[in-house]
Amino acid sequence: MDKTFKPAELETRWYDEWEAKGYFAPQGGTEAYSIMIPPPNVTGSLHMGHGFQEAIMDALIRYHRMRGYNTLWQVGTDHAGIATQMVVERQLAAQGISRHDLGREKFIEKVWEWKEESGGTITRQLRRLGSSLDWSRERFTMDEGLSAAVQEVFIRLYREGLIYRGQRLVNWDPALHTAISDLEVISEEEQGHLWHFNYPLVGGEGHLTVATTRPETMLGDAAVAVHPDDERYAHLIGRFVQLPLCNREIPVIADDYVDREFGTGCVKITPAHDFNDYEVGRRHGLPMINIFTDDAAINDAAPAAYQGLDRMEARQKVVADLDALGLLDKVEDHRLKVPRGDRSNVVIEPYLTDQWYVDAKELAKPAIKAVEDGDIKFVPKQWENTYFAWMRDIQDWCISRQLWWGHRIPAWYDDDGKFYVGEDEATVRRDNALADNITLRQDEDVLDTWFSSALWTFSTLGWPEETDELAMFHPSSVLVTGFDIIFFWVARMIMMTLHFRKEVPFHTVYVHGLVRDAEGQKMSKSKGNVIDPIDLIDGITLDALLEKRTVGLMQPQLASKIQTATRRQFPDGIAAYGTDALRFTYFSLASTGRDIKFDIGRIEGYRNFCNKIWNAARYVLMNCEHEDCGIEESADVELSLADRWIIGKVQDTAAKVEHAISNYRLDMASSALYEFIWNEYCDWYLELSKPILWDEDAAENAKRGTRQTLISVMETWLRLLHPMMPFITEEIWQTVGPLAGKSGPTIMLQSYPQSDSNAIDASDNEDIEWLKKVIIGIRNIRGEMNIAPGKELSVLLRKGNAEDRRRLSQNSQYLRKLAKLADISWLEENTEAPMAATALAGELEILVPMAGLIDKDAEIVRLGREISKLETDLSRLRGKLENAAFVDKAPAAVVSKEQEKLKAQQQALETLQDQLQRIQNI
RNA sequence: AGGACUAUAGCUCAGUUGGUUAGAGCGCUACCUUGACAUGGUAGAGGUCCCCAGUUCGAAUCUGGGUAGUCCUACCA
């Protein structure tokens, strides 16, 4: 084995082998465990959030697979309607072509080409992460099977009256020319203005002043509203005002939607261009005057002077014209929330169109109940509130999109605009007895991407067929996802699955945090702070990283700023840390209810951990390979104290890991393993094994026992660690496994260690703790007194009880070796102790004679520090115990524990004070 | 406007039902290339657990009120 761990080569080697041998496929068994991957965008690439999420899922999957569940991790990708179409359109635009130049059919061909070309990126990256996905069942949301499921769901919902077509105000994206759902609109506060206009009253005297942030919409005004109880305007209700620029008269109406306190208390009502006004308009039977084209330019419903102007040009002209007429009262600065499309980033317009809707209210009812009843649990639980809040006030879901890439809506129109829903044109004709001479044309629109993702848990398993996979793996065990798509995806999956399967899609929703950069900023291309997980695995030079972060920016002027920041943060680029280190970093940060600030220092630490593991294996193999490790049942072995202790410790660790994973606390599982492997197994046990293995006088069965323990405990923790660090554990296990008597082609399919508390012996633990205390006491003196590490010491022991004597007699070998002692012996009663530095282990006094080694003043300082620590501690303890209320009311066990502590500390203090005095008196 | 989350060492974070001397990693200081490992070892320094009040014998932990930050939802023209 190499001296340092080199992940690159063995990772791909093992992944290829696992995949080729089919280990990722379900292995059979009666109890199922399944996870459906949140399908990434087929043309996308992996980001840190994916990396985090996949790592969590893979650990859960590997853990359950090893525990003998029939385990399926369903893989697949999403067609991501708008996102993908935009990419292809942008490519075409670079060649000066629009999708309309190509026509629908040709354009869709292009998209499929692009999918074939780029679709492998993300799946390749998923493999690099070690994800044990069942590639043999890979699905795509526009597969034949999934498309059939989409169609089935649409038609059935339509027939049940849960999908309908209607004319409503929608969020219209004037750049993409499509409706989008409320969730796809991002509203953020921006600086704007509030314009105050005077609308003259019809019949002469005076005017009403209205305020607006969007002056151009006045061209579509249908009324002015005041509050019904507003005395200022009560007498005007029912009269008319002259709508300037338009030569129309519009009524003054009363509606309690109006806030009397805001502005003038008069609101212009534009029913076709504002969601609130739309409702007011409906209540009052006002005309819906649409003044926009699809591009949000002014259409011919407006006065000729404005027709054809873009909305922003129209805004300026309206303001200028009103000003010219003396009707502009004033302009104020005003902060307002501006709605923008999450993809296009252009300002969204409320726009009156015909669209398809899902009656979400109806579907939400059982979906709410499922969570209320605990059929679905959120981890952490607080997300249930978020879910309820949204579901209880859910709005109908606009599912049609005016795009070409997606599932086309299975509806056909005749020339009268009458529509028919069905599988295909022929079926529609037949079912509706439509003559051949009636022309039918299919709805041009496609469905929202999330419509097909909502069916993901069951459509991937073959629904609407009742397949064996559905029976076995549905409902899935857990959904691992970010909170950002609880509404987009999680809620809709719950609704659709309950409706069509009458069962939940998953039993648990594990919601993880967002991965942010070191400053806590969201990672985004435009911020130039994106880290590609693959670059953490393979490493990347500074130049390549700079290139990656600045190429293809939407706003190229940001490039130099990004370069500066990148150079500052990664002056030498990024080192190659390997997949296992990256995964372990994710786990260590996966605590609940908290976003992750990605700190490069963490991954470095876990890279070192990999190296530690590697070298521990080298040590173990060096001592065990080609040696008798006592793997036969009948082997004559004697286990040392250290052997028995570490065997217990690994069981203890197994219990901790099991508990942590069952609570989705992968951070706790990872830290339990880290601490055990590094601080117990490597730091102590490997050291404790040396006195036996290297002692020529040691009995053969004792050596055999230690070898057996070395190898079997390592083999056990390799399996414990495998779900988190699949590669390094597999590589080492290949050699270690057989030496421990295990057979099988891969660690992946070995059984997961089940903790056995019988293996834990309390008195062995105490003995080792005692040993550690004595060794640390001596090392402390050594370190503080600057005694050369190689210098062998002669140490005396004093006081102490029978247990101390027993422990010394049984463990002096360990002490000599680990504390580098020439000699350790008891100071006989009545013998004068030499001048010495002192350490304490309970009652036991450990004396390191000073002769020539120790500086008197330094020891005085050291003792002084120890003493003052004890004194602070003691005064706190005394205060507590002198408090009658504490002694009376606290549980007896707590009180006696404090009393014992007090006693021990007092004794320690006295000892040290004596010692200090003696030294001072020299 | 409503709601959620966060605040612990210089940095990134643990701390499960209130009882620890408040922990880890990184960083820092000193010493050390000892036959697994300098991507290492040994020892050490470093904390007003955001602030204020309350409950309690006892609060980092529970309650209330602040402060700061992050986010979600709904929005006033």
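The values are calculated or read from the model by the stated rules, or taken from the named source; none is laboratory data. Keep in mind that this is a model prediction, so the values were computed, not measured. Methodologically, a virtual Cβ is constructed for each residue, glycine included, from the backbone with ideal geometry; neighbour enumeration extends over all protein chains shown.
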Point to revise | Matching residues, region A:697-718, being surrounded by fewer than 22 Cβ atoms within 10 Å (Cβ to Cβ) and touching a Pro at 6+ places or on another chain (Cβ under 9 Å) | key: A:698, A:716
Revision key, fill the gap. Considering region A:772-787, residues that are out of contact with any Lys or Arg (no Cβ under 9 Å at 6 or more places or on another chain), more than 6 Å from RNA strand B (Cβ to nearest atom) and hydrophobic (A, V, I, L, M, F, W, C), and then whichever is farthest from residue A:825 (Cα to Cα), we arrive at A:787
**Study point:** Enumeration of residues in region A:378-402 that are in a strand (DSSP E or B) and either more than 16 Å from RNA strand B (Cβ to nearest atom) or of a type in the set (Val, Ile, Thr) (or both)
**Key:** A:379, A:400, A:401
Review point. Residues in region A:558-571: is at least one within 30 Å of residue A:758 (Cα to Cα), touching a residue at least 24 places away in the same chain (Cβ under 8 Å) and buried (at least 16 other Cβ atoms within 10 Å of the Cβ)?
Key: no
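Return yes when residue A:336 is over 46 Å from the mean Cα position of the chain (by Cα) and either without any contact (Cβ under 8 Å) to a residue 60 or more places away in the chain or under 30 Å from residue A:200 (Cβ atoms) (or both) and no when it is not. Walk me through it before giving the result.
Values: over 46 Å from the mean Cα position of the chain (by Cα): no; either without any contact (Cβ under 8 Å) to a residue 60 or more places away in the chain or under 30 Å from residue A:200 (Cβ atoms) (or both): yes.
Considered against the rule, which asks whether it is over 46 Å from the mean Cα position of the chain (by Cα) and either without any contact (Cβ under 8 Å) to a residue 60 or more places away in the chain or under 30 Å from residue A:200 (Cβ atoms) (or both), residue A:336 comes out as no.
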Check your understanding: Out of the residues in region A:872-892 that are loosely packed, with under 14 Cβ neighbours inside 10 Å and within 8 Å of RNA strand B (Cβ to nearest atom), which is nearest to residue A:909 (Cα to Cα)?
Key -> A:876
Revision key, fill the gap. Flagged in region A:262-276 as within 6 Å of RNA strand B (Cβ to nearest atom), within 25 Å of residue A:171 (Cα to Cα) and not hydrophobic (A, V, I, L, M, F, W, C), in numbering order, are A:268, A:276
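Conditions tested, residue by residue: (1) assigned to a helix (DSSP H, G or I); (2) farther than 29 Å from residue A:657 by Cα; (3) at pLDDT below 95.
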{"residue": "A:672", "(1), (2), (3)": "yes, no, yes"}
{"residue": "A:677", "(1), (2), (3)": "yes, no, no"}
{"residue": "A:685", "(1), (2), (3)": "yes, no, no"}
{"residue": "A:695", "(1), (2), (3)": "no, yes, yes"}
{"residue": "A:698", "(1), (2), (3)": "no, yes, yes"}
{"residue": "A:701", "(1), (2), (3)": "yes, yes, yes"}
Point to revise | Failed criterion for residue A:35 (all others in (1) assigned to a loop (DSSP other than H, G, I, E, B); (2) buried (at least 16 other Cβ atoms within 10 Å of the Cβ) hold) | key: (1)
Practice item. Inspect all residues belonging to region A:79-91 and state whether any of them is buried (at least 21 other Cβ atoms within 10 Å of the Cβ), within 24 Å of the chain's Cα centre (by Cα) and closer than 22 Å to residue A:513 by Cβ. Key: no
Practice item. Give the number of residues within region A:245-261 that are within 13 Å of RNA strand B (Cβ to nearest atom) and touching a residue at least 12 places away in the same chain (Cβ under 8 Å). Key: 8
Review point. Given the conditions (1) under 27 Å from residue A:592 (Cβ atoms); (2) crowded, with 23+ Cβ neighbours inside 10 Å, and given that residue A:730 satisfies all but one, which numbered condition is not satisfied?
Key: (1)
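Return the only residue of A:866, A:859, A:845 being in contact with a strand residue (DSSP E or B) (Cβ under 9 Å, 6 or more places away or on another chain), more than 24 Å from residue A:769 (Cα to Cα) and surrounded by 14 or more Cβ atoms within 10 Å (Cβ to Cβ). Before the answer, list the steps.
Working: A:866 fails: more than 24 Å from residue A:769 (Cα to Cα); A:845 fails: more than 24 Å from residue A:769 (Cα to Cα).
When all the criteria are applied, what remains is A:859.
Say whether the condition of being in a helix (DSSP H, G or I), within 21 Å of residue A:770 (Cα to Cα), out of contact with any Phe, Trp or Tyr (no Cβ under 9 Å at 6 or more places or on another chain) and more than 14 Å from RNA strand B (Cβ to nearest atom) is met by at least one residue in region A:788-807. Break it down stepwise before answering.
First pass over region A:788-807, keeping only residues in a helix (DSSP H, G or I): A:802-807.
Still in the running and within 21 Å of residue A:770 (Cα to Cα): A:802-807.
Restricting the remaining residues to those that are out of contact with any Phe, Trp or Tyr (no Cβ under 9 Å at 6 or more places or on another chain) gives A:802, A:806.
Then drop every residue that is not more than 14 Å from RNA strand B (Cβ to nearest atom), which leaves A:802, A:806.
Checked against the condition, which is being in a helix (DSSP H, G or I), within 21 Å of residue A:770 (Cα to Cα), out of contact with any Phe, Trp or Tyr (no Cβ under 9 Å at 6 or more places or on another chain) and more than 14 Å from RNA strand B (Cβ to nearest atom), region A:788-807 yields at least one hit.
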Review point. List the pairs whose first member sits in region A:1-16 and is within 22 Å of residue A:619 (Cβ to Cβ), whose second member is surrounded by fewer than 13 Cβ atoms within 10 Å (Cβ to Cβ) and not hydrophobic (A, V, I, L, M, F, W, C), and whose Cβ atoms are under 8 Å apart, counting only residues at least 6 apart or on separate chains?
Key: none
